[in-house]
Each structure stands twice: as structure tokens, then as C-alpha cells.
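Below: one structure, written as C-alpha cells.
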Amino acid sequence: MAIEVRRVTHTYGVGTPNARTVLHGVDVVLTEHRVGIIGHNGSGKSTFVRLLDALLLPTEGTVVVGGFDTARQASAVRSRTGFLFTDPDRQIIMPTVREDVAFGLRRRGLGKDEVARRVDAQLARFGLAGFADAPAHLLSGGQQQVLALASVLITEPSLVVMDEPTTLLDLRNARMFAELIFALDQQVVLATHHLDALAGFDRVLCFDQGRIAADGAPAEVGAFYRELMSRPAGVGDL
């Protein structure tokens with residue numbers, strides 16, 4: 001799926017005294033299967049990935065995902081994409097594991113038996129079958145993030161956008177989750193601080209001060225990012 005970001009600027013609080021521009025004229029086309037997004041806190045990377053799922057709309061410019069303009073055809077974009085947040089508490093909305101996975105199918109016109117079949121298959125796929133009727137919010141942090149991913153994937157999106165999904169996980173769970181991500185059939189755009197998670201990715205973008213500062217292979221861009229992070233931080237980077 002082609003992702004076209006054309007001369008995009010995004011400003012929070014437009015028209016207010018506290019208006020803050022976090023992206024400046026970003027222009028890029030992404031067609032690769034695995035794309036990583038890195039950058040320091042405040043660099044604009046989280047804003048960038050939220051634009052791809054129409055969670056945010058550009059202040060200027062256009063974002064077109066799979067041929068659909070996010071500003072004019074947001075529903076069509078969201079029907080083809082899934083978004084995974086840093087904190088699974090932002091996504092887990094139903095009481096039990098089974099109910100949360102099933103929630104995404106509620107408007108698909110499927111019968112109860114078909115919903116149950118798909119949910120059971122999804123739970124088995126992600127190792128959650130033994131927790132089907134457990135309270136979702138009592139799972140471990142790693143299990144909750146896997147549940148959030150399973151709930152996103154039940155709708156069979158073509159593109160999955162992820163905003164630092166391993167940040168709240170310990171090293172072991174972060175590695176396991178990175179392996180899950182890499183094994184997905186879907187196109188993935190992953191924003192992360194964990195450079196190890198990008199090994200084998202097709203392309204990586206590094207954001208700095210709201211612009212793409214480096215664009216290329218994981219090793220090359222990762223080295224640029226490490227050098228960038230070794231520089232003294234400015235107030236705006238905190």
C-alpha cells in the first residue's frame with residue numbers, strides 16, 4: 001500500500017496563543033513492507049504516525065493512504081488500517097479478553113458462530129486462548145500489548161501503524177513483541193526508540209525538529225540517530 005505524505009505541516013492549537021508546530025513540510029512516499037520511524041522525544045515522529053491512520057489531520061498538505069485522502073476519506077482509511085498505541089490501556093475497552101478481541105467485529109454483519117470462530121482462532125494465534133474469559137486489565141503488561149495487537153488484527157487491516165508499542169515492556173517482552181511484529185503479513189509502520197526492533201526492516205526514517213533528518217537502511221539511519229542523540233539536548237527536545 002502506498003503512503004503519500006505531501007508537504008505536510010501539523011500545528012497543535014491552531015489559532016491559539018499556545019499554537020505549536022511539530023511537523024514542517026514533510027514530504028515522503030512509503031511503499032515498503034516494513035518502515036521504522038525513530039527520533040527523540042518531541043521530534044514529531046508520533047504526530048507523523050498518527051497522521052497515517054487519520055487520528056490527526058494535517059494543518060497543511062495532504063496524506064493519502066492506499067489512494068484515500070485522510071482529510072476527505074477518513075473512514076475508508078481507517079477501514080484499511082489499524083493503530084497500536086504505546087499504552088494498551090488506551091485500547092483495551094471490554095471487560096474480558098474474548099470480548100475485547102470480538103469488539104472489532106461488531107459491525108461486520110457476522111453471525112455469532114462466525115464471530116466466535118474468528119475470535120477463538122485469533123486467541124490461539126497469539127497464545128491467549130487460556131485467558132479468553134479472564135479480565136483483560138489483569139493481564140501482564142506484555143499480555144495486554146499482545147491483546148491490543150490481536151484486537152487490531154481481527155479486522156484484517158492492510159496496514160498496521162504502531163506508536164512505540166514496546167516502550168512500557170521489559171526487555172524480554174519487548175524482544176518477543178518485536179518478533180511478533182516482524183512476522184506479520186501486514187505492512188507495518190513502527191515508531192520506536194528500540195533500534196534492535198528495526199533489524200531487517202526495509203526502510204527507516206529519523207525525525208528531528210519536525211523534519212525527516214535521515215532516510216535509509218536501518219543500520220545507516222540508526223547510526224545517524226545515535227550520533228544525533230549524543231549531541232547536547234535543547235530545551236525543545238525535552
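The values are calculated or read from the model by the stated rules, or taken from the named source; none is laboratory data. As the structure is a prediction and not an experimental result, all values here were calculated from the model. Every residue, glycine among them, receives a Cβ derived from its backbone with ideal geometry; neighbour counts consider all protein chains shown. To get the accessible areas, we keep the full protein, side chains included, count just its heavy atoms, and leave off ligands, DNA and RNA. Shrake-Rupley method; radii C 1.70, N 1.55, O 1.52, S 1.80 Å.
Please go through (1) in contact (Cβ under 8 Å) with a residue 24 or more places away in the chain; (2) open to solvent by 20 Å² or more (accessible area, probe 1.4 Å); (3) closer than 19 Å to Leu159 by Cβ; (4) part of a loop (DSSP other than H, G, I, E, B) for Val64 and return the number of the only condition it doesn't satisfy.
Every condition holds for Val64 apart from (4).
Just to be sure, is Gln122 open to solvent by 10 Å² or more (accessible area, probe 1.4 Å) and in contact with a Pro (Cβ under 6 Å, 6 or more places away or on another chain)?
Considered against the rule, which asks whether it is open to solvent by 10 Å² or more (accessible area, probe 1.4 Å) and in contact with a Pro (Cβ under 6 Å, 6 or more places away or on another chain), Gln122 comes out as no.
Mind listing whichever residues of the stretch 11-54 are hydroxyl-bearing (Ser, Thr, Tyr), assigned to a strand (DSSP E or B) and surrounded by 21 or more Cβ atoms within 10 Å (Cβ to Cβ)?
Within the stretch 11-54, no residue meets the criteria.
Check whether at least one residue in the stretch 142-152 is free of Cβ contacts under 8 Å to residues at least 24 places away in the same chain and surrounded by 17 or more Cβ atoms within 10 Å (Cβ to Cβ), and report yes or no.
Yes, there is a match, as at least one residue in the stretch 142-152 is free of Cβ contacts under 8 Å to residues at least 24 places away in the same chain and surrounded by 17 or more Cβ atoms within 10 Å (Cβ to Cβ).
Please determine, by comparing only the residues of the stretch 197-236 that are open to solvent by 60 Å² or more (accessible area, probe 1.4 Å), under 21 Å from the mean Cα position of the chain (by Cα) and among the charged types (D, E, K, R), which one is nearest to Gly44 (Cα to Cα).
Once the filter is applied, the top-ranked residue is Arg211.
Within the stretch 80-105, work out how many residues are free of Cβ contacts under 8 Å to residues at least 60 places away in the same chain and outside any helix (DSSP H, G or I).
7
Can you pull out the residues in the stretch 125-138 that are open to solvent by 70 Å² or more (accessible area, probe 1.4 Å) and in contact (Cβ under 8 Å) with a residue 40 or more places away in the chain?
His137
Quick one: in the stretch 75-108, of everything that is aliphatic (A, V, I, L, M) and closer than 17 Å to Val189 by Cβ, which residue is surrounded by the most Cβ atoms within 10 Å (Cβ to Cβ)?
Leu84
If only one of Thr70, Thr59 is polar (S, T, N, Q), open to solvent by 10 Å² or more (accessible area, probe 1.4 Å), touching a strand residue (DSSP E or B) at 6+ places or on another chain (Cβ under 6 Å) and free of Cβ contacts under 8 Å to residues at least 60 places away in the same chain, which one is it?
Thr59
Taking Pro157 and the conditions (1) within 22 Å of His24 (Cβ to Cβ); (2) under 19 Å from the mean Cα position of the chain (by Cα); (3) in a loop (DSSP other than H, G, I, E, B), which numbered condition does it fall short on, given that it satisfies the others?
(1)
Given the criteria open to solvent by less than 30 Å² (accessible area, probe 1.4 Å) and modelled with pLDDT under 95, does Gly111 qualify?
no
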